[in-house]
Amino acid sequence: MAAAIRSALLKHLRVEVIALRNPSPNPRGPIFRLIGLSRHFCEEARGSFLDKSEVTDRVITVVKNFQKVDPAKVTPNAHFQKDLGLDSLDTVEIVMAFEEEFGFEIPDNEADKINSINLAVDFIASHPQAK
């Protein structure tokens, strides 16, 4: 597990290698460059998530466009089975439509948990691969 995490981090971490024999008298020297790189990496990772209101709008649009759904019944709190009358196969199709809309694959164990618009929005908004 630790090796996998290390490998994943090393793929994205850029470090400037500097010889320490002649330390820089510059107070903005090597250590500050390293801190700047790590700050850039954190900001880049943080900025990769979609805005929750945008995700909500797109999820609602996907659900409203689903053939078996009455668009008038679609609300941000709608449950797929209880409120929209969808069965489990319809829910699978909706999740597949979310995958297509947001450009990433939702694992089966997570897809099984998505049974409402709120849950779909929460999962997609927190997923770094969602586009």
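The values are calculated or read from the model by the stated rules, or taken from the named source; none is laboratory data. Since the structure is predicted, the reported quantities are computational estimates derived from the model, not experimental observations. In this analysis, Cβ positions are derived from the backbone assuming ideal geometry, glycine residues included, and neighbour counts consider all displayed protein chains. Only protein heavy atoms, including side chains, enter the accessible area calculation; ligands, DNA and RNA are left aside. Shrake-Rupley method; radii C 1.70, N 1.55, O 1.52, S 1.80 Å.
For residue 51, project a label point 7 Å along Cα to C-beta. Then give me every residue of the range 96-131 with its amide nitrogen under 19 Å of that point. Correct set: 102-103, 121-131.
Check cross-link reach from residue 131 to the lysines: straight Cα distance under 23 Å, and skip same-chain residues fewer than eight apart. Output for residue 131: 11, 52, 64, 113. Carbon-plus-sulfur accessible fraction, the range 45-131 (probe radius 1.4 Å, protein heavy atoms only): 49%. Take the range 72-131 with all the other protein chains still there, run a 1.4 Å probe, and you get 56 Å² of accessible area per residue.
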